[in-house]
1. Identify, by number, the condition in (1) surrounded by 16 or more Cβ atoms within 10 Å (Cβ to Cβ); (2) assigned by TED's automatic domain parsing to the domain that holds B:LEU150 that B:SER77 doesn't meet.
2. Restricted to segment A:33-43, and to residues that are surrounded by 13 or more Cβ atoms within 10 Å (Cβ to Cβ) and more than 7 Å from DNA strand D (Cβ to nearest atom), which residue is nearest to the other protein chains (Cβ to nearest Cβ)?
3. Counting just the residues of segment A:88-122 that are of a type in the set (Gly, Ala, Ser) and within 11 Å of chain B (Cβ to nearest Cβ), which one comes out nearest to A:PHE167 (Cα to Cα)?
4. For the condition more than 10 Å from DNA strand C (Cβ to nearest atom) and farther than 30 Å from A:ALA136 by Cα, what is the one hit in A:SER21, A:SER31, A:SER75?
5. Which of the following residues is touching a helix residue (DSSP H, G or I) at 6+ places or on another chain (Cβ under 6 Å), surrounded by fewer than 15 Cβ atoms within 10 Å (Cβ to Cβ), aliphatic (A, V, I, L, M) and not assigned by TED's automatic domain parsing to the domain that holds A:PHE25: A:LEU166, A:LEU88, A:LEU150?
6. Among (1) surrounded by fewer than 18 Cβ atoms within 10 Å (Cβ to Cβ); (2) more than 8 Å from chain B (Cβ to nearest Cβ); (3) in contact with a Leu (Cβ under 9 Å, 6 or more places away or on another chain), there is one condition A:ILE177 misses while meeting the rest; what is its number?
7. Would you pick out the residues in segment B:153-163 that are buried (at least 22 other Cβ atoms within 10 Å of the Cβ) and among the hydroxyl-bearing types (Ser, Thr, Tyr)?
8. Consider A:ASN7 carefully, then state whether it is within 28 Å of B:GLY156 (Cβ to Cβ), open to solvent by 40 Å² or more (accessible area, probe 1.4 Å) and not aliphatic (A, V, I, L, M).
Number of protein chains: 2
Amino acid sequence: MKEKVQNKKAAVLQAALGLISEQGFQGSPMSQIAQRANIGVGTIYRYFSSKEDLINDLYIDVKTRLAQHTLRNYSVSRDVHASFLVLLRNIVDYFIENPAELLFMEQYANSPLITAATREEGLRMFAPVNHLFERAKDENLLKELPMEMLSTLAYGSTISLVKLKLFGKVKLDGATIDAGVDAIWDAIKR
Amino acid sequence: MKEKVQNKKAAVLQAALGLISEQGFQGSPMSQIAQRANIGVGTIYRYFSSKEDLINDLYIDVKTRLAQHTLRNYSVSRDVHASFLVLLRNIVDYFIENPAELLFMEQYANSPLITAATREEGLRMFAPVNHLFERAKDENLLKELPMEMLSTLAYGSTISLVKLKLFGKVKLDGATIDAGVDAIWDAIKR
DNA sequence: CAAAACGGAATGAACATTCATTCCTAAAAT
DNA sequence: ATTTTAGGAATGAATGTTCATTCCGTTTTG
């Protein structure tokens, strides 16, 4: 059944995500991935042609879910500032709920294991975000700095925020995180 | 001669840094490290008891140089805001000059390969930076957010800035980077 | 019952580490 | 001044292990 097929493929992806985020790609044997997914080693190769193929599929898989969550409650009708806060808060919430995804993305966002095509595909999913930045620029809300710099600053500090919440020694409540997101806006706003 | 000893050990560390930053720890065989350092494989084991020992030594090595460069031209007599800009700019400059160090640090700052003791030792080197943040807080210059959050935001966006300069598609001149550092201050300042 | 899916043993390549041997240098002997 | 000797440094072939991938007998599906 197609259902079972999807089940096994998804099981492999989930097992791989957990192991790779903890131990890295080279530190996660196919045998271990199979064991964690409760299937035989050989079965993995029915769904992925190689270990590299597996990690590229996983990259797309994670990025897809991230993009979906990021764009939750996002609407072009809302004003730019509010939209910006919603997007950042969505990213924060998603990674707080899914730490393995964060570790995986951080480790492989710039890895040579991820092919250019895969990376390209991942980028396309975030087009609305770029669009929002353009809108902000048009409305003169942003500092006069290269767009890439503004978005990179925003994303970089957002990730820092999540890491602090997940791995830091301090406890952060929702309000404090919101204040952090506001601080990020301060960095890029005119 | 002692000189030769130091030369070989340094050669191993340098070779390992280059390879590990590009291919990761598990992706960098001792044989390849030896080859790149122009020595025999066995020789590595005269200086490092294991591959894990090597990466921990390398971590200290890199962190030491980073701390030195970060604290260049830093003086407690200068005012807080100026000191802050100097420190961040030093970090940016160091990593721009040493991309392998950046990639290495990003990959292993939170890796289980780095022992708690090693991490601890690395942290101690940045005591003056924490001190500066305390001073800023005492002078009421910072937002009323947890210290860890402010420093994390600052460091995270600084690293983003460097990555943009190193791997981004846009060209960034010194003035633009300075403007970026200013933006980071905007994020944390009251 | 034929075809597809599965599992895990088998294979061969790659690897970290060891260790018997060689190399180098500098002091001792002549 | 030349040769001998000694000991630490360096080496890389050999070892045992781990791993990705393949292969093929078994089970499940339709």
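The values are calculated or read from the model by the stated rules, or taken from the named source; none is laboratory data. None of the values given here were measured: they were computed from a predicted structure. Positions of Cβ are backbone-derived with ideal geometry, glycine not excepted, and every protein chain shown enters the neighbour counts. Ligands, DNA and RNA are stripped out before the accessible areas are found, and what is left, the full protein with its side chains, is counted by its heavy atoms. Shrake-Rupley method; radii C 1.70, N 1.55, O 1.52, S 1.80 Å.
1. So the condition that B:SER77 fails would be (1).
2. It comes out as A:ILE33.
3. A:ALA109
4. Checking each option against the conditions leaves just A:SER21.
5. A:LEU166 is the lone residue from the list that is touching a helix residue (DSSP H, G or I) at 6+ places or on another chain (Cβ under 6 Å), surrounded by fewer than 15 Cβ atoms within 10 Å (Cβ to Cβ), aliphatic (A, V, I, L, M) and not assigned by TED's automatic domain parsing to the domain that holds A:PHE25.
6. Only one criterion is unmet by A:ILE177, namely (1).
7. Within segment B:153-163, B:SER157, B:THR158, B:SER160 meet the criteria.
8. no
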